[in-house]
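Report on one structure; see the data block that follows.
The values are calculated or read from the model by the stated rules, or taken from the named source; none is laboratory data. Source: prediction; values computed, not measured. For neighbour counting, all protein chains shown are included, and Cβ atoms are generated from backbone atoms with ideal geometry for every residue, glycine included. Only protein heavy atoms, including side chains, enter the accessible area calculation; ligands, DNA and RNA are left aside. Shrake-Rupley method; radii C 1.70, N 1.55, O 1.52, S 1.80 Å.
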Amino acid sequence: MAGNSQRRNRRTSNKKGATVGSGGKRRRALEGKGPTPPAEMRKGHVKQRAANAKARASARRPAPRRGGPKGTNELVVGRNPVVEALREGVPANTLYVQQFIDNDERVREALQLCAERGGINLMEAPRPELDRMTNGLNHQGLVLQVPPYDYAHPEDLLDGAADEGQDPLIVALDGVTDPRNLGAVVRSVSAFGGHGVVVPERRAAGMTAGAWKTSAGTAARTPVARATNLTRALETYQKAGLTVVGLAADGETELHELDALDGPVVIVVGSEGKGLSRLVGETCDVRVRIPMPGGAESLNAGVAAGVVLYEAARRRA
């Protein structure tokens, strides 16, 4: 009996009894892991991998343009055109060089300009591939890819003038289809302190590589806006307090008689042959003619815009 009692006592003494708690004094003892994070935040989870892939794709996708639908890449083809485009600072993202090309001065200069500018990919391609890309044009082994121009919205030009604390001075082009004329207008707007150029979305010149070259680099700092409907864009400018001045050979007012150039104004220039379209002409507050004692019937868009912009800058000085 005594032995059984001892064994029972040993079992009783070895049994784990109540223990003293921390009483909240050991902070880490009370910490948990927190709520379960969503699947997108769990490392290695399939949903997290999908979310990361979606984020990377969004980062690569360019922001939508306010001025109209996204355009397409443009190709500058041939050794001289490619070198000239690079010299003039035309935006580019890829230079394609034919495999086993004859390495002359123009090829070396194109490669050097790309290296100096940075940000331009160099791609070596076989001649059949370049032939396909250019639809059989005489590319001479060099093809430069120009990305689509990032057009502004017409109202952005008003914001730019407001940021500078100036009355808006804007040029709108109606039916001008030659990119070189557009580039010349952009250059004049930049030279005489204008705030941008507006072009219609359809049946009008856009900011191609040719327009960039003619602008002599000023397109990098002078915004070009694209309007879905030029007449409505001009009406919006009128509501904002701008005077819409149309240039016309039969305008009722001569340039030196126009007082509106002192204030907020948008100058509308038509094509050299047809001039202003009917709706645009009717929307203008005043139609102005440039006196030409030499007897010329008209001026091209670039020259006409430059004459009026100079007069505006002279009065605002």
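Checking every one of the trypsin sites (Lys or Arg not before Pro) in the stretch 263-305 against DSSP loop status and a limit of 15 other Cβ atoms within 10 Å picks out 274.
Rounded is the label for the stretch 213-317, because a/c, from the alpha-carbon gyration tensor with a ≥ b ≥ c as root eigenvalues, stays below 1.5. Residues 253, 228 ordered from highest to lowest accessible area at a 1.4 Å probe: 228, 253. Ligands, DNA and RNA excluded, the heavy atoms of residue 262 present near 80 Å² of accessible surface to a 1.4 Å solvent probe.
Under 5 Å between amide hydrogens, built in the peptide plane, is the criterion, and for residue 172 it picks out 198, 267, 268, 269 among residues at least 5 positions away or on other chains. Sparsely packed loop sites in the stretch 208-297 (the GluC sites (Glu not before Pro) outside DSSP H, G, I, E and B with at most 11 other Cβ atoms within 10 Å) comprise 252, 297. Under the convention that each Lys and Arg Cβ holds +1 and each Asp and Glu Cβ holds -1, the size of the dipole of the stretch 191-317 around its Cα centre is about 600 debye. Taking all protein chains together, 292, 133 sort by accessible area into 292, 133, largest first [probe 1.4 Å]. Using 1/(1 + (r/R0)^6) with R0 = 22 angstrom and r between the beta carbons of residue 93 and residue 127, what's the FRET efficiency to the nearest 0.05? After rounding to 0.05, the efficiency reads 0.55. Taking a ≥ b ≥ c as the square roots of the eigenvalues of the alpha carbon gyration tensor, the stretch 158-259 is rounded, as a/c is under 1.5. Between residue 156 and residue 108, the contour length at 0.36 nm per residue exceeds the Cα-Cα span by 13.2 nm.
Here's the picture: charge each Lys and Arg Cβ at +1 and each Asp and Glu Cβ at -1 in the stretch 120-181, and of 142, 121, 165 the one pushed furthest to the positive end of that dipole is 142. Based on protein heavy atoms only, the stretch 67-187 ends up with 51 Å² per residue of surface accessible to a 1.4 Å probe. Using the Cβ of residue 309 as centre and a radius below 12 Å, the other residues enclosed give a net charge of +3, where K and R count +1 and D and E count -1. Remark: the residue 254-residue 238 segment gains 3.6 nm on full extension, using 0.36 nm per residue and subtracting the alpha carbon distance. For the stretch 268-317, the solvent-accessible area works out to 55 Å² per residue, with a probe of 1.4 Å and every protein chain left in place.
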